[in-house]
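What follows is a set of notes on a single structure, which appears directly below.
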Amino acid sequence: MVDTRFFINKGPFSLEKVAEICEATLVDASQSSVTISDIATLEKAGEGQICFFFDKKKKAQAAEIKATACVTTEEFKDLIPQNVVVLVCANPHLAFVKLNYALYEEPRPAPEIRPTAVISKTALIGENCYIGDGVVLGDNVKIGDNCILEANCVIGHGCQIGNNCRIGANANVAYCLMGNDCYIYGGARIGWDGFGFMTLQGQHKRIPQVGRVIIGNDVEVGANACIDRGALDDTVIGDGCRIDDLVMVAHNIKLGKGCILVSQTGIAGSCTFGDYVVCGGQTGFADHLNIGSGAQIAAQSGIMRDVEAGAVVMGSPAVPIKDFMRQVAFLQKAGKK
């Protein structure tokens, strides 16, 4: 059961409405007026709740379902107990996401500028915005409509934030132009200096970082992630990218559309990614690499050379995943001799 202290429950929904949302079919249409008020896991769902069953590994648990209703596939519908109302659809996992969006809502603060916010006289704030306690907006900042800036976040001078954006508590944004519908989670650091130094006469001299961070539309940047601004050229995050917690994106990086960087990924400076690149957790990249569109990098891989579009690689140094599996198999055999 979802805790309504933290999320708004918009139910109950009739199963007729549930079927419409999930693009599902009620096996017994006479049950269309039955209502559910909550989503729960397969193991915990009970009366008045709905669950989703689509995992072949959990076939044995199907007979134990006690929910009022269950969304499943044509293949599994006969495994559901007779006292449970069954809805059938092609993709129960997608149906779960759709119903979740429809049934639950994260509370949104009413538009307000809290009295403890520190706002430059030259900052511009759009309509229906919430500016939380301790927020700092520097000179010439522009905030779009319907934005939420949570407590103690700092938006540096000259930054532009698009419409419908949310900046989490204690996040810092500097030297940045951001599109619409972005979510920057708490503690993220965007636009700080890239790690650029030159050693002169035994001393490390800082190289000025005079680029920006350009973030597209519908981008999410996880908690405590860091995106450095460019040294001269810009750091660019393409539309639809998803950057997990504790990710490091160095200066001059170019990410195409829809890239996914899982937690603890670290990308050295001046790498260029195509569209829809996926990086598993703890992947690391040397600098000045080109990663082709659709490439998949397995967790804990070390990338030291360019990766072709559509390639799937693994290991450190990374190799095509089939080669990596052969290496592992060889070592396992050798270890048994």
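The values are calculated or read from the model by the stated rules, or taken from the named source; none is laboratory data. None of the values given here were measured: they were computed from a predicted structure. FYI the Cβ positions are ideal-geometry reconstructions off the backbone, even for glycines, and counts take in every protein chain you see.
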Quiz prompt | strands (runs of 3 or more DSSP E) wholly inside segment 196-237 that include at least 1 residues being of a type in the set (S, T, N, Q) and buried (at least 21 other Cβ atoms within 10 Å of the Cβ) | solution = 235-237
Quiz item: Hey, among the residues in segment 28-54 that are over 23 Å from THR4 (Cβ atoms) and either of a type in the set (Val, Ile, Thr) or touching a residue at least 12 places away in the same chain (Cβ under 8 Å) (or both), which one's surrounded by the most Cβ atoms within 10 Å (Cβ to Cβ)?
Solution: PHE53
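Yes or no, residue by residue, for (1) crowded, with 18+ Cβ neighbours inside 10 Å; (2) out of contact with any strand residue (DSSP E or B) (no Cβ under 6 Å at 6 or more places or on another chain); (3) touching a residue at least 40 places away in the same chain (Cβ under 8 Å); (4) of a type outside the set (Gly, Ala, Ser):
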{"site": "GLN61", "(1), (2), (3), (4)": "no, yes, no, yes"}
{"site": "GLU74", "(1), (2), (3), (4)": "no, no, no, yes"}
{"site": "VAL84", "(1), (2), (3), (4)": "yes, no, no, yes"}
{"site": "VAL97", "(1), (2), (3), (4)": "no, yes, no, yes"}
Quiz item: From the residues in segment 238-272 that are among the aliphatic types (A, V, I, L, M) and assigned to a loop (DSSP other than H, G, I, E, B), which one is nearest to the chain's Cα centre (by Cα)?
Solution: VAL262
Quiz item: Just to be sure, is LYS121 surrounded by fewer than 19 Cβ atoms within 10 Å (Cβ to Cβ) and touching a residue at least 60 places away in the same chain (Cβ under 8 Å)?
Solution: no
Exercise. Of all residues in segment 282-314, count the ones that are in a loop (DSSP other than H, G, I, E, B) and within 14 Å of GLY269 (Cβ to Cβ).
Key: 4
Exercise. With respect to ASN91, determine if the residue is surrounded by 15 or more Cβ atoms within 10 Å (Cβ to Cβ) and more than 30 Å from GLY158 (Cα to Cα).
Key: yes
Practice problem: From VAL312, VAL249, grab the single residue that is at pLDDT 95 or above and closer than 25 Å to GLY187 by Cα. | Solution: VAL249
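Here's the yes/no breakdown for (1) surrounded by fewer than 17 Cβ atoms within 10 Å (Cβ to Cβ); (2) of a type in the set (Lys, Arg); (3) touching a residue at least 12 places away in the same chain (Cβ under 8 Å); (4) not in a loop (DSSP other than H, G, I, E, B):
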| position | (1), (2), (3), (4) |
| --- | --- |
| ASN100 | yes, no, yes, yes |
| ARG108 | yes, yes, yes, no |
| THR116 | yes, no, yes, no |
| ASP133 | yes, no, yes, no |
| ASP139 | yes, no, yes, no |
| ASN152 | no, no, yes, no |
| GLY158 | yes, no, yes, no |
| ALA169 | no, no, yes, no |
| ASP181 | no, no, yes, no |
Quiz item: In segment 26-33, is there at least one residue being over 23 Å from TYR101 (Cα atoms) and part of a loop (DSSP other than H, G, I, E, B)?
Solution: yes
Quiz item: Just checking, which of THR4, THR73 is in contact with a Pro (Cβ under 8 Å, 6 or more places away or on another chain) and β-branched (Val, Ile, Thr)?
Solution: THR73
Practice problem: Go over the candidates ALA311, ALA299, ALA334, ALA295 one by one and state the one that is free of Cβ contacts under 8 Å to residues at least 12 places away in the same chain and either assigned by TED's automatic domain parsing to the domain that holds ILE237 or more than 22 Å from ILE227 (Cβ to Cβ) (or both). | Solution: ALA334
